[in-house]
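The values are calculated or read from the model by the stated rules, or taken from the named source; none is laboratory data. Keep in mind it's a predicted model, so treat the numbers as computed, not measured. Every residue, glycine among them, receives a Cβ derived from its backbone with ideal geometry; neighbour counts consider all protein chains shown. Remember, those area values only see protein heavy atoms, side chains included, never the ligands or the DNA or RNA. Shrake-Rupley method; radii C 1.70, N 1.55, O 1.52, S 1.80 Å.
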Amino acid sequence: MVNKVALITGGGVGIGKASALALAKEGYALLIAGRRLEPLQACAQEIQALGAPVQVQTCDVGNADDVDALFEQLKHHYGRLDLLFNNAGCGAPPIPIDELSVEQWSRVVNTNLTGSFLCARAAFGLMKQQTPKGCLLYTSDA
């Protein structure tokens with residue numbers, strides 16, 4: 001049985017990857033999620049080399065169906081969640097606002113705001129049913 005489980009969105013590169021490796025060293029089993037499979041798989045290999053259990057899942061956190069599938073995988077493989085790191089994020093291109101399309105704006109809002117909400121909502125729903133209850137939620141301010 002796994003004692004500590006962490007889910008990191010945006011977990012294949014940058015801060016997400018560094019956080020995943022640090023948590024693996026602390027004994028966490030991990031589920032790392034992101035839009036691109038290749039960086040997730042590369043990060044998973046590094047985590048496995050540390051001896052920690054790891055699962056990967058492609059996910060667009062701004063899509064409710066993707067988030068539902070992510071948490072189904074989490075429940076299937078680990079049965080619990082102790083730490084959620086809402087790290088997935090994106091920015092708009094550095095252009096004048098009158099040139100920013102609604103689609104570009106929506107992508108930022110869906111990833112940074114809706115994605116954090118969807119993951120926190122699902123995490124809370126799972127954590128409150130656990131014994132012991134999960135209690136750690138973190139959202140990046142990136």
Are there any pairs, at least 6 apart or on different chains, whose C-beta atoms fall under 8 Å, with the first in the range 43-59 and under 13 Å from Gly12 (Cβ atoms) and in contact (Cβ under 8 Å) with a residue 24 or more places away in the chain and the second among the polar types (S, T, N, Q) and outside any helix (DSSP H, G or I), and if so, which? Cys59/Thr9
Considering each residue of the range 89-135, count those that are closer than 18 Å to Leu7 by Cα, part of a helix (DSSP H, G or I) and among the polar types (S, T, N, Q), and give that number. 4
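Please go through the range 13-22 and pick out each residue that is touching a Leu at 6+ places or on another chain (Cβ under 8 Å) and either buried (at least 24 other Cβ atoms within 10 Å of the Cβ) or under 15 Å from Cys119 (Cβ atoms) (or both).
Within the range 13-22, Ala20 is the sole residue that qualifies.
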Determine whether the range 67-80 contains at least one residue that is assigned to a loop (DSSP other than H, G, I, E, B), touching a residue at least 60 places away in the same chain (Cβ under 8 Å) and either open to solvent by 60 Å² or more (accessible area, probe 1.4 Å) or among the hydroxyl-bearing types (Ser, Thr, Tyr) (or both). yes
